[in-house]
Amino acid sequence: MFKGFEAHGTLNVEIVGRILRVEGTGPWNLESLKKSGQVAQPLVGQLTGSPWAVMVILHGESIYVPAAAEKLTSIVNEEKSLGRVATALLVNDCFAPNFAKQHLGEIYDNAGEHYAFFDDIELAEIWLNEKISSAGQQS
């Protein structure tokens, strides 16, 4: 009897200030995205109500299978209605950083997300905090 697919890839999630920090090793399938979504949901709940942002640090094969890519687009869209204002992506530890930028760029473009790629965590954090601060001033 078919029981579905095993989750592939890891994603760890934590809050640092007003930033949801996601770190993981791919590739990822829909099952791993659903699993990490269950872990992230209470954290997103803590951030909801004021502007917040996401820092994504990826390792290994930075690939989302098509169903997972669609789900991620949907998650980002939903989270934007909960105060998510921007995403910083760090893919320099991926096997193919240029592919990762193209692949992830398509996902975040489809979600209409404001995002940028960085090589340095501190610079990414500064950029995200600026986006959070300017969004807070607009509301």
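Values quoted throughout were computed directly from the atomic coordinates according to the rules given, and no laboratory measurement underlies them. All values reported here derive from a predicted model rather than from experimental measurement. Cβ sites come from the backbone with ideal geometry, for glycine too, and all protein chains shown count toward neighbours.
Evaluating 6.51 cos²θ - 1.76 cosθ + 1.60 at θ = phi - 60° for every residue in region 54-66, the Karplus couplings come out as 10, 10, 10, 10, 10, 10, x, 8, 8, 10, 9, 4, x Hz, glycine and proline recorded as x. Between the Cα long axis of helix 121-138 and the first principal axis of the chain there is an angle of about 60°, rounded to the nearest 10.
In this label model, Gln46 and Ser134 are separated by 2.8 nm, measuring between points 7 Å along each Cα→Cβ vector.
Hey, could you grab the Kirkwood Rh for region 30-105? Inverse mean 1/r over distinct alpha carbon pairs, Å, one decimal.
Kirkwood hydrodynamic radius for region 30-105: 13.3 Å.
Number of Lys-Lys pairs in the chain with C-alpha atoms under 27 Å apart and a separation of 8 or more places or on different chains: 15.
Sparsely packed loop sites in region 65-139 (the chymotrypsin sites (Phe, Trp or Tyr not before Pro) outside DSSP H, G, I, E and B with at most 14 other Cβ atoms within 10 Å) comprise Phe95. Got a sec? Which residues in region 33-58 would a label at Lys80 touch, if it sits 7 Å along Cα→Cβ and we count backbone N under 19 Å? Only 44-45, 48-56 fall inside the zone, counting backbone N under 19 Å. Translational diffusion of the chain, estimated by Stokes-Einstein from the Kirkwood radius over alpha carbon pairs at 4 °C in a medium of 1.567 mPa s, is 86 µm² per second.
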